[in-house]
Amino acid sequence: MLDLGRLRALHAVSVHGSVAAAAIALGYTPSAVSQQIAKLERETRTPLLERRGRGVALTDEARHLAATAQELLAIVERAETTLEERRGQPTGRLTIGAFASAARGLLPGVLAELGRRHPGLDARMTEVDPHLSIDLVARGMIDLALAHDWDIAPLPAPEGVEQAVIGDDLCDLLVPDGHPLASRVSVRREDLAGQRWICQPPGTVCHDWLVRTLRAAGCEPDLAHQAEEYHTQLALVAAGLGIALIPRLGRGPLPAGVVALALDPVPKRRLYALWRTGAARRPAITATVESLQRHWPGA
């Protein structure tokens with residue numbers, strides 16, 4: 001009889017691409033994940049990992065076994081969903097993936113409320129890029145994801161994944177105090193030609209949105225500085241090194257030397273909660289989505 005925990009470890013490595021990344025997703029140490037897979041190799045009498053440089057790769061047999069593991073984990077999820085539904089109370093573990101500003105600006109209050117209201121529910125959050133979180137939900141690696149899209153870049157939801165709108169996050173144009181635009185009440189996108197920009201790196205949703213939006217307005221953006229964290233971008237704006245478009249969620253108070261202006265039309269990103277269709281009946285999913293909507297700023 002194959003051990004489900006060991007199959008889960010193998011499946012995590014197949015999804016995340018490394019033992020270290022799988023360990024983070026599962027909440028284990030890399031050593032514990034390696035031990036689980038070593039036991040599975042002995043159990044199946046089959047090599048499952050092979051060395052590739054400094055990392056590892058799944059053998060052909062491991063890839064087939066990981067695909068079967070995904071099917072078994074889906075069956076277990078349906079059984080757990082049925083039991084939780086019959087109890088009528090959110091129980092068990094619920095893994096949540098959230099992008100950085102939602103993890104900072106929304107999840108703390110939600111997680112605290114879930115803990116108070118539902119002591120039988122073990123909700124755990126992991127910070128995940130929104131590009132990756134939807135696929136992790138679809139593959140069964142996390143139970144619920146918080147992701148976002150922008151007005152010109154809709155969020156794709158694959159088959160078997162459901163979603164609910166949490167709210168719209170408005171975005172402000174942030175400029176240094178003393179900037180020529182700082183005295184304006186509002187700014188049009190056409191007025192932004194020739195500005196030096198501070199933004200996120202390429203490949204992120206926010207970066208792609210900024211570039212596409214400015215090009216649509218006839219402006220080729222000069223991306224002077226690129227930083228993952230919005231707080232770093234704010235510090236660069238405060239130092240007079242450029243301007244930035246930053247959403248309000250999780251932003252916190254503006255530092256001295258930074259002015260927020262309204263951009264016309266106002267940019268916004270829409271936040272969604274996403275979960276697998278097979279888990280839609282879980283009281284834990286329902287309770288978490290309702291809490292997210294209650295805690296949304298302005299709700």
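The values are calculated or read from the model by the stated rules, or taken from the named source; none is laboratory data. Small disclaimer: the values here were computed from a predicted structure and weren't measured. Here Cβ is always computed from backbone atoms with ideal geometry, including for glycine, and neighbour counts include all displayed protein chains. All accessible areas refer to the heavy atoms of the entire protein, side chains included, with ligands and DNA or RNA removed. Shrake-Rupley method; radii C 1.70, N 1.55, O 1.52, S 1.80 Å.
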ask   = Using the alpha-carbon atoms, what tilt in degrees (0 to 90, nearest 10) does helix 205-216 show relative to the longest principal axis of the chain?
value = 40 degrees
key: Signed unit charges on C-beta, dipole axis of the chain, positive-most listed residue Cys171, Gly194, Leu254   = Leu254
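Please compute one quarter of the surface area of the Cα convex hull for the stretch 203-259 and express it in square nanometres. Don't skip to the end; give the middle numbers.
Values: hull surface 17.0 nm².
Averaging across all directions leaves 4.2 nm² for the Cα convex hull.
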ask   = Under a plain spin-label model, where a point goes 7 Å from the Cα along Cα-to-Cβ, how far apart in nm are Arg184 and Leu72?
value = 6.0 nm
remark   = Averaged per residue, the 1.4 Å probe accessible area of the stretch 1-40, protein heavy atoms only, in Å², is roughly 46 Å²
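Compute and list, largest first, the equivalent-ellipsoid semi-axes of the stretch 4-120 from the alpha carbon gyration tensor, each √(5λ) rounded to a whole angstrom. Intermediate values should be presented prior to the final figure.
Details: eigenvalues 193, 75, 24 Å².
With the √(5λ) rule applied to the stretch 4-120, the semi-axes are 31, 19, 11 Å.
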request  = Roll a 1.4 angstrom probe over the protein heavy atoms and tell me the percent of accessible area of the chain that is carbon or sulfur.
outcome  = 52 percent
request  = Using Cα centres only, tell me the gap between the stretch 30-85 and the stretch 274-299 in whole Å.
outcome  = 29 Å
Charge dipole (debye, nearest 20) of the stretch 86-217; +1 at Cβ of Lys and Arg, -1 at Cβ of Asp and Glu = 320 debye
request  = First select every other residue whose beta carbon is under 10 angstrom from the beta carbon of Gly250; then total the charges, Lys and Arg +1, Asp and Glu -1.
outcome  = +2
query = Roughly what angle does helix 4-16 make with the longest principal axis of the chain, taking Cα atoms, 0 to 90 degrees, to the nearest 10?
reply = 30 degrees
query = How much length is gained on full extension from Gln35 to Thr82, taking 0.36 nm per residue of separation minus their Cα-Cα distance?
reply = 13.8 nm
